[in-house]
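Heads up, the thing below is written out as structure tokens.
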Amino acid sequence: MLNILHVDMNAFYASCHQAKDPSLKGKPVIVAGDPKKRNGIVLTASYEARAYGVKTAMPNFQAKKLCPHAVFLKPDYFLYVEMSERVMDILRRFTPDVEVFSVDEAWLDVSGCERLFGDSVEIAGKIQRTIKEELDLPCSIGISCNKILAKMASDLKKPAGITVLHPEEVPGVIWPLPVEELYGVGKKMAQKLYSMGIKTIGDLAGIPVEFLESSFGVIGRQLHLWANGIDDSPVNPEFSKGEKSIGHSLTLPKDITTFEEAKAVLLSLSEQVGRRVRRKKFVGRVVTLTLRDDSFLTRTRSATIPYTNTTEDIYRTAKKLLENNWDGKTPLRLLGVSLSGLTRDFEQISIFPREEKIKRLNKIVDEIKDKYGEGAICRAGQKAEVVGIKIGFRS
């Protein structure tokens, strides 16, 4: 049964800028670490820029030579998180079973949704049209029987494609692809696989699992299963039947290597988490920080605090976890913040005036954003040179 969808936003960072500023539509847009520096690199490029050969990680000066009329922009993390939130809200209109994988990707299990929205292909089409009509963002959608094949399918037709991938099509469609196109195979692992003579996903699928385990450990067995199109992991919605949590993660367009950059991103994520927790009238007591470095090693660290839903408490705790668990040098490619141990907000009156002032401030900020949009107001810690937005109000 082909009931699993993978929604992948196309050239997400560049597309967000084009949606925000319609004058950029149809133009080659390049999001770069520092557009003013010749030694900066391309973080992502619109499809209009890619048509000229511009690629991720290409030096700015080289991209400029290939596409002299390109529009270079700084990354705007706050914009990306805001648009991601709106995309995920649209997905949840079609099914409650949505697993947010990153800021621009999610899996959906649409089992039982046929009577409301049609079969999987019809649902994919409706999702794609809704995101385009409401947010002016393109996406590709893969449809299959499990998560790994749905994800592989979404990569086959970009931009704005819808691809159905049956398990029996794996040998003909997936196996000829380069091994680095399999999820979980990063640059370093791809280099090692190539040195072992494993160049395609089909090569990997045919290697004895015992050999892969001896070379790569547990991940070797997992890669063998994925290469053969096998994945029994369920779509795990944000709210599980067990402990509930609300969180946001961001795969960064450029690896972060300073505390200043990391803290600015954490503040943006904490703001989004706090706002969603308050909107749902929850408080929580466990703050979890997720770190993924450039070798794809992922670590989570948690701290328990008194029940809260304020951005300040969430950010303060996440920042402390960051300072205690990161050296400020190892490149980070993903940061995430979540609040769990949730319960309904019991609206306890604090005996401390400052706490009441912070709660009122959070409420006022939420009301401004509800009325004028996410970018209407932001906190001073979200520095313009890091998150790419203007401090204060937007006219």
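The values are calculated or read from the model by the stated rules, or taken from the named source; none is laboratory data. Just so we're clear, the structure is a prediction, and the values are computed from it rather than from any experiment. Glycine also receives a Cβ, built like all others from the backbone with ideal geometry; neighbour counts cover every protein chain displayed. Only protein heavy atoms, including side chains, enter the accessible area calculation; ligands, DNA and RNA are left aside. Shrake-Rupley method; radii C 1.70, N 1.55, O 1.52, S 1.80 Å.
Only one of the numbered conditions (1) assigned to a helix (DSSP H, G or I); (2) more than 26 Å from LEU334 (Cα to Cα); (3) open to solvent by 10 Å² or more (accessible area, probe 1.4 Å) is violated by GLY112, and that is (1). Please indicate, with yes or no, whether at least one residue in the stretch 279-301 is in a helix (DSSP H, G or I) and in contact with a helix residue (DSSP H, G or I) (Cβ under 9 Å, 6 or more places away or on another chain). The answer is yes; a qualifying residue exists.
Could you tell me whether ASP255 is free of Cβ contacts under 8 Å to residues at least 60 places away in the same chain and under 25 Å from ALA11 (Cβ atoms)? No. In the stretch 21-40 there is no residue matching the filter, namely being touching a Pro at 6+ places or on another chain (Cβ under 6 Å), open to solvent by 10 Å² or more (accessible area, probe 1.4 Å) and not in a loop (DSSP other than H, G, I, E, B).
Residue pairs, Cβ under 9 Å, 6 or more apart or interchain, first in the stretch 279-305 and closer than 17 Å to SER249 by Cα and of a type in the set (Phe, Trp, Tyr), second open to solvent by less than 70 Å² (accessible area, probe 1.4 Å) and not in a strand (DSSP E or B). List them. Here the result reads PHE296/GLY184; PHE296/GLY186; PHE296/MET189, each pair linking the stretch 279-305 to a residue that is open to solvent by less than 70 Å² (accessible area, probe 1.4 Å) and not in a strand (DSSP E or B).
Just to verify a result, which residue in the stretch 289-333, among those that are hydrophobic (A, V, I, L, M, F, W, C) and surrounded by 19 or more Cβ atoms within 10 Å (Cβ to Cβ), is farthest from MET189 (Cα to Cα)? Only one residue fits best here, namely ILE314. Evaluated against (1) open to solvent by 70 Å² or more (accessible area, probe 1.4 Å); (2) in contact (Cβ under 8 Å) with a residue 40 or more places away in the chain; (3) touching a helix residue (DSSP H, G or I) at 6+ places or on another chain (Cβ under 6 Å), TYR52 falls short on exactly one condition, (2). At least 3 residues being of a type in the set (Lys, Arg), open to solvent by 40 Å² or more (accessible area, probe 1.4 Å) and modelled with pLDDT under 95 is the threshold, and among the helices (runs of 4 or more DSSP H) wholly inside the stretch 131-247 those reaching it are 187-195.
So which residues in the stretch 307-333 are in a helix (DSSP H, G or I) and touching a residue at least 40 places away in the same chain (Cβ under 8 Å)?
THR311, GLU312, ILE314, TYR315, ALA318, LYS319, LEU322, GLU323
Against the numbered list (1) within 21 Å of LEU108 (Cα to Cα); (2) under 22 Å from the mean Cα position of the chain (by Cα), GLY186 comes up short only at (1). Within the stretch 55-100, being charged (D, E, K, R), open to solvent by less than 10 Å² (accessible area, probe 1.4 Å) and free of Cβ contacts under 8 Å to residues at least 40 places away in the same chain holds for no residue. Please name all residue pairs, on different chains or six or more residues apart, with Cβ atoms under 7 Å, provided the first residue is in the stretch 214-234 and is without any contact (Cβ under 8 Å) to a residue 40 or more places away in the chain and over 20 Å from ILE4 (Cβ atoms) and the second residue is charged (D, E, K, R) and part of a helix (DSSP H, G or I). Correct list of pairs: GLY220/GLU213; ARG221/GLU213. When the criteria are applied in full, ASP119 fails the requirement of being open to solvent by 60 Å² or more (accessible area, probe 1.4 Å), of a type outside the set (A, V, I, L, M) and under 18 Å from the mean Cα position of the chain (by Cα).
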